[in-house]
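Below you'll find the structure, written out as structure tokens, and then a few comments.
The values are calculated or read from the model by the stated rules, or taken from the named source; none is laboratory data. Owing to the predicted nature of the structure, the values given are computational and were not obtained by experimental measurement. Note: ideal-geometry Cβ built from the backbone for every residue, glycine included; neighbour counts use all protein chains shown.
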Amino acid sequence: MNHEINVTPFVDVMLVLLIIFMVAAPLASVNVKVSLPPANAKPQTKPPQIIYVSIKQDGSYYVGDNPTDLSELPDALKLAAGPNHVGLRIFIRADENVEYGKFLDAMNTMQDNGFYSVALVGEDRSGVKK
């Protein structure tokens, strides 16, 4: 009786899986650099209460005109919104050169503290001729 394990089928399966991952891995990543255009959406009607969170190029945060820190952002938003902050839409104004991580930190902090309705403010270029 032969007590050896035949590894040929195992090697065949591993080679097929390796080929599949080698083909699929480049398809899963995005390597195209694009310059996204500004939004051309029609302006919406203004809600009764507007709260702006601004992120300057240096990464500093503001609620309205008041400077704040990322750790103090939820408390500043609750103070600005008052007792009816549930369902309130927050408008984020970020400098076009701000780091994506700073923007994402603000979004995550707001969502972790119950501010789920967030809108992004862009420059209105609907009247600009090309």
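Out of V98, V86, V30, V11, which single residue is modelled with pLDDT of 85 or more and among the aliphatic types (A, V, I, L, M)?
V11
Looking at the stretch 98-122, I want the residues that are closer than 14 Å to Y61 by Cα and have a partner that is among the basic types (K, R) with Cβ atoms under 9 Å, at least 6 apart or on another chain. Which pairs are those?
V98/K56
When the residues of the stretch 36-81 are narrowed to those that are under 18 Å from A94 (Cβ atoms), out of contact with any strand residue (DSSP E or B) (no Cβ under 7 Å at 6 or more places or on another chain) and small (G, A, S), which ends up modelled with the highest pLDDT?
G59
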